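Below: one structure, written as structure tokens.
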Amino acid sequence: MRHRSKTVKLKRNASHRKALLANMAISLIEHGRIKTTLGKAKALRPVAEKLITLAKRDDLHSRRLAIAFLRQKETVQKLFTETAPAAKDRQGGYCRITKLGARMSDSAPMAIIEWVDQPASDEEAPAVEVAAQEEASTPAPKKKAAKKKASEEVVDVAAE
């Protein structure tokens, strides 16, 4: 019986599971959201929320505990300086899991796990704006001109 057995084992031994969750937590801190299977996302949520709680304390001991778990000082620095201050007014529930549906290859249920109070990402917004500006500023080339440009580019690459 599984009474009061809270640990999700994910068909891995303890050391493999700990390494998997640490690596997923690192990816979540660095990127703000990750796409994974639903079971792994559900297993990652308590780990990530405990890390945010540690980072909100912001003392030397909590920083050392986070470094001991994550094993990357740069990621811990980002956790303490960017991610935790964004969630300072929240009492819990720092992560959001959104179900996506089944994966094409093996029908595994997929999900996105992300921070609820995610700091504004500077990477996504300018990329969208730049692409929109480029499309608006350049007129649509004719098909023949486009083919000619493509062949010229191939020649230039081959010449170099």
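Each value in this text was obtained by applying a stated rule to the coordinates, not by laboratory testing. Bear in mind that the values here come from a model prediction, so they are computed numbers and not experimental data. Quick reminder, even Gly has a Cβ in these numbers, built from the backbone with ideal geometry, and neighbours come from all protein chains shown.
Points worth noting:
- Where a label projected 7 Å from the Cα of D117 along Cα→Cβ would reach, residues of the stretch 36-58 with amide N under 19 Å: 45-58
- Order of M110, M1 under a 10 Å beta carbon neighbour criterion, fewest first: M1, M110
- Exposure proxy order (Cβ contacts within 10 Å, fewest to most) of K35, K88: K88, K35
- Residues I26, I67 arranged by fewest to most Cβ contacts within 10 Å: I67, I26
- Restraint check, K9/K78; K6/K78; K18/K73; K18/K88, Cα-Cα greater than 25 Å: K9/K78; K6/K78; K18/K88
- Segment A14-D106, length gained on full extension (0.36 nm per residue, minus Cα span): 30.6 nm
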